[in-house]
Structures are given as structure tokens and as C-alpha cells.
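Here is the structure we will look at.
The values are calculated or read from the model by the stated rules, or taken from the named source; none is laboratory data. The structure displayed is predicted, hence computed values, not measured ones. When we count neighbours, we look across all protein chains shown, and the Cβ atoms used for this are built from the backbone with ideal geometry, even at glycine.
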Amino acid sequence: MLKLSTRPSIRLLIQSCKTLCHLQQFHAHIICRGLEQDHWTISNLLKLLTSLSASLSYSTSVFNRVIAPSTLLYNVLLKGYSRNSRSRESFLLYTRMKKSDSASPDEYTLSSLLTLCSRECKLREGQIVHGSAIRYGVAVDMFVGSGLIDFYGKCTEMISAAKVFDEMPDRNVVCWTALVAGYANAGDMGNARNVFGRMPVRNSVSWTAMIIGLVKTGDIVGARKWFDEMPRKNVVDYTVLIDGYAKSGDMASAMALFESCPEKDIVAWSALISGFAQNGMPKQALEMFKEMESGGVKPDDFILVSLMSACAQIGSLDLAKSVDHYLSETSIDACQAHVMAALIGMNARCGNMARAEVLFNRMPQHDLITYCSMIKGYSIDGRGDQAIELFNRMLDEGLVPDEVAFTVILSACSRAGLVEEGWNFFTTLTDKYSLVPTPDHYACMVDLLSKAGRLEAAYQLLVSYPLEPYACAWGALLGAYRWLDVSLLREKMKERGLRKILGCSWV
């Protein structure tokens, strides 16, 4: 075994390794010194290896070379799997650990599994871990108990979360906070307030959980009141409320709060810039981006996606080319689905379909988001036939369209005047995919039928909608009606409580 006096030097040597190559060289050094079975040395090596997500397979091979891995080694590797969201590998390792003669699961084992289940909302797997915790006698352990409460809270299983909480003999602030956050996540702000009021000690996380819950349930006024009462605020609290204001369309309040924030990190900037972009204020989004850059803050992929959305709204080809070039000079991976979808969408909206096609064809794999961006591009460019062809190709690849995908293809049919094709897609979304048509779907179909002169069919479709269609759907029909018929249709709109559409002179 390794002598204790050499351990500090081993630890320093391991910590000096910054890359997988360095760690592999150190592993070779361990083998040469005959320390491959020394659990202390291997555990330190595994801790660093698992921190590099690209080295998980190598971590596994190092672990597998140990003849009788201890509980410590199992836990280190399991924590690495959990941190990198490797569900299958985590539970396979856990099963192997239970069968092992050299190790047995403990509270750290189960906590790693619960962290994974919480992050991915794996209810069934988490319930299995809960059963194991009861079997091993650690379900009431504060470490495991808080993990169980957090897990059930993330899965919005609040009856189970409260039961675990009530059965714990001792509870710390983490347990209380997990229960508050769980109720807030489930939208049950009454119980969240009740638990928060009973907390012996409150921390910043419990206050933040309340604000997140209030924002999530749409109570921005309540969230602001809670925010103002906080004894100490950090950038997370500011960002949550900025995002809440943005989602409610109140960008003036979002901007005022942002300006009052003492420390602005990349997430706060992202919330503000994306808020402007999502609320149809692209010029303000660009101004904030420039201000952020001048302050020395480097954008991340989410900010660049918001920037591309703003450029798409403005429709400037020169601006789109500048952003495209800017992205190529950053270290951000442009092949990420959400980045590529935004890049394709920006180029398409700005009239550069050739560039959009190059980007799309360069991707090794396509998901629903990138397909929809490209289909929308063809739609805007007036190439309805190609939009339909690409939609069918998407189906052939086994992707299942959602409500947004059908809105995109129906809009393409409407722009191109493809009545029969549009009607087929409209019936397919219910008959084949069991989706419920949204007001957007009805608006697209009414617009399509109206442009084709099928006014009676458009009207019958509109009045058949079980809920209230958007006013724009009625506007599409109004635009196609002869002046003689407009007064009659206006009466129908009044009956349904719809008011005049701004900018529509025929209403």
C-alpha cells in the first residue's frame, strides 16, 4: 500500500493535471509504481477524470481494473455518471454495487442517484431509490431525506415530498428549502407560503424559490413584493424577476430592475436581451448587446440566439451576415441544435436562403427545431412546394411533428395557396397524431381558404372551433369578404366579444 508520507505529493501531482492526456500519463505513473489497486490513489484520479465529461469511458476502464472496488470508488464513479446525466450507466453501476462483496450502497450512493433522478424527473427510478433507502435504513438520514424531498418536488409529487419531510426526526434548512421549492415548482403557492412561514431559519435559496414560484404562476406583483422584502438579494433574484417582467411583456420594468442590479452576470444580460427580442423590440435587443460587449461581457449561446432572433425581426441581410461572421469567430459551438436553428431562421428571414440551405445540409443530424426553421424559411421565400417536401422528409426520418411544426407547414400552405395540401395537413394533425388544433392552426386554415375564395368553408371552419379563435382569424376572413358582407361578419364578431383589430381598415 502507499505510504501516508507520499500522499500529499500524489495529491498535488494529480491536481496539477488539467487535461485527459495529463491524467492518462499520471495513470501510467500509478501503474508503474504498483499503485493501481490503491483505493485512495485511484479515488483521487477518478474524481478528476469524471470532472472531464469526455473522459467518462476512460474513468470506467480505470475503475474496472480495480480487483475489488470499495464503496468509495463506486461512489466517485457514480457521482461522475450522475453529474454528466448518464442514467443508464448510473443504474447499471448501482446494480453491480449491490451484488458486490467488496462494497455496499450508503447515503452518498443514494444521494447521487437522487440528484440524477431529480434533474431528469425520472419518477419511477427515483421511487426505486427511495425503496432502497428504506431498505438500507437511511431514508430518514438528513442527507438522503433532503434529496428525496427535492426529487419529489422536482417531479411535483408533493404528497410524497411532504410525507418524507414529516417522517424525518431532524430537519435542517436544506430540507425546509427543498419543500418550499417543491410547492413553488408545483404552483402551490399557498402551501409554499405556509412552509416558508414555519421555517426556523431561512436562507437566500428559500427566498429565491418563492420568487420563482410566484413568477411561474404569473403573479409578478406578488413576486416583486417578495423581492422587495428580501433581506439580501443576489443576481439570481434580479434575473428571475427580470425574466418574469419580460414574459409578462413589461420590458420597462425589466429594464429598470436590470439597471438597479449591482452585479450583472451573463444570465442577467441574457434575460434582458431575450426579453426584448421575444417582445418584438429587436433594436433595443441589439443596443443592449452592444452595451454588454462594451462592458467586457462575452456572450454565450443563448444571448447569440436572442441576437439572431432580433436580426430576423429587423430583416437586414447585412446585419445577418455580420452576426453570422461574429458567431464564426467565437468559441461557441454553432452545431448545437438551438444555435443552428436560430442561424438558419435568421438567414431565411433576411432573404439569404442559399446560406440557410448550406447550414442545414452541413448538419449531420436534424431535429424538429432545425427542420421547422428551414421549412419556415422556404415558406417566407414563397417556396411552398419545397416546404412540403422538407416536411415529408422530416416525417420519413421518423420525427413526430408537434403543434408548432403543424403551424409552420400550414402557414407555408397558406402563403403558397396550396389548399388541398393544407387541408390534408390540418386533418392529419388530429387523425394521425391526435393533436388538438390550436387557434393558430385555425387562423392559418381560414386565411388559406379565404384567399382561395372559399369563404363559406372558411366561415364554417371558424365557427366550428370549440374555443374562441384569435381575432386575427376573423380578420383573415374579413379581408376576403366583399364590402357588402362585412357588416354581417362584424355582427358575428361582436356576438363573440371580439373587438376591432388595430390596423385592419375593413373592420
*Test Ala342 against the stated conditions and say whether it is surrounded by 14 or more Cβ atoms within 10 Å (Cβ to Cβ), within 26 Å of the chain's Cα centre (by Cα) and in contact (Cβ under 8 Å) with a residue 24 or more places away in the chain.*
yes
*Within the bounds of the stretch 289-296, is there any residue that is touching a residue at least 24 places away in the same chain (Cβ under 8 Å) and either in contact with a Ser or Thr (Cβ under 9 Å, 6 or more places away or on another chain) or buried (at least 17 other Cβ atoms within 10 Å of the Cβ) (or both)?*
no
*Can you tell me which residues in the stretch 206-257 are of a type in the set (S, T, N, Q) and either surrounded by 20 or more Cβ atoms within 10 Å (Cβ to Cβ) or touching a residue at least 60 places away in the same chain (Cβ under 8 Å) (or both)?*
Ser206, Thr208, Thr239
*Is it true that Glu389 is closer than 28 Å to Glu357 by Cα, in a helix (DSSP H, G or I) and acidic (Asp, Glu)?*
yes
*Exclusive hit being within 28 Å of Lys154 (Cβ to Cβ), surrounded by fewer than 21 Cβ atoms within 10 Å (Cβ to Cβ) and of a type outside the set (A, V, I, L, M), set Ser43, Ser70, Ser112, Ser132*: Ser132
*Could you check how many residues of the stretch 131-154 are over 22 Å from the mean Cα position of the chain (by Cα) and over 12 Å from Leu110 (Cβ atoms)?*
3
*What helices (runs of 4 or more DSSP H) completely inside the stretch 106-160 contain at least 3 residues that are of a type outside the set (A, V, I, L, M) and over 27 Å from Lys47 (Cβ atoms)?*
123-135
*Just to be sure, is Leu45 more than 15 Å from Val129 (Cα to Cα) and part of a helix (DSSP H, G or I)?*
yes
_Considering residues of the stretch 297-306 that are over 18 Å from Asn347 (Cα atoms) and of a type outside the set (Lys, Arg) only, the residue surrounded by the fewest Cβ atoms within 10 Å (Cβ to Cβ)_ = Asp300
_Which count do you get for residues in the stretch 62-105 that are under 20 Å from Leu20 (Cα atoms), assigned to a helix (DSSP H, G or I) and not β-branched (Val, Ile, Thr)?_
10
_Condition check: of a type in the set (S, T, N, Q), touching a Gly at 6+ places or on another chain (Cβ under 6 Å) and closer than 30 Å to Lys247 by Cα. Does Thr115 satisfy that?_
no
*Within the stretch 141-185, tally of residues that are small (Gly, Ala, Ser) and surrounded by fewer than 21 Cβ atoms within 10 Å (Cβ to Cβ)*: 2
*asked:* Out of the residues in the stretch 408-433 meeting the condition of being crowded, with 21+ Cβ neighbours inside 10 Å and β-branched (Val, Ile, Thr), tell me which one is nearest to the chain's Cα centre (by Cα).
replied: Val408
*State which residue is farthest from the chain's Cα centre (by Cα) when the search covers only the stretch 296-330 and only residues that are under 14 Å from Ile273 (Cα atoms) and of a type in the set (Gly, Ala, Ser).*
Ala310
*Is it fair to say Ala356 is over 25 Å from Pro437 (Cα atoms), in contact with a Ser or Thr (Cβ under 7 Å, 6 or more places away or on another chain) and modelled with pLDDT under 95?*
no
*Just wondering, is there one or more residues in the stretch 307-322 that are free of Cβ contacts under 8 Å to residues at least 12 places away in the same chain and surrounded by fewer than 16 Cβ atoms within 10 Å (Cβ to Cβ)?*
yes
*Quick one: in the stretch 1-42, of everything that is in a helix (DSSP H, G or I) and touching an Asp or Glu at 6+ places or on another chain (Cβ under 8 Å), which residue is modelled with the highest pLDDT?*
Ile42
*Can you confirm whether the stretch 197-205 contains a residue that is in contact (Cβ under 8 Å) with a residue 12 or more places away in the chain, in a helix (DSSP H, G or I), under 22 Å from the mean Cα position of the chain (by Cα) and crowded, with 20+ Cβ neighbours inside 10 Å?*
no
*Does Thr407 satisfy being closer than 23 Å to Ala312 by Cα and either touching a residue at least 12 places away in the same chain (Cβ under 8 Å) or not in a loop (DSSP other than H, G, I, E, B) (or both)?*
yes
*Which of the residues spanning the stretch 302-318 are of a type outside the set (S, T, N, Q) and over 18 Å from Met292 (Cα atoms)?*
Ala312, Ile314, Gly315, Leu317, Asp318
_Looking at the stretch 372-404 only, could you name the residues that are of a type in the set (D, E, K, R), in contact (Cβ under 8 Å) with a residue 24 or more places away in the chain and farther than 20 Å from Asn347 by Cα?_
Glu397, Asp402, Glu403
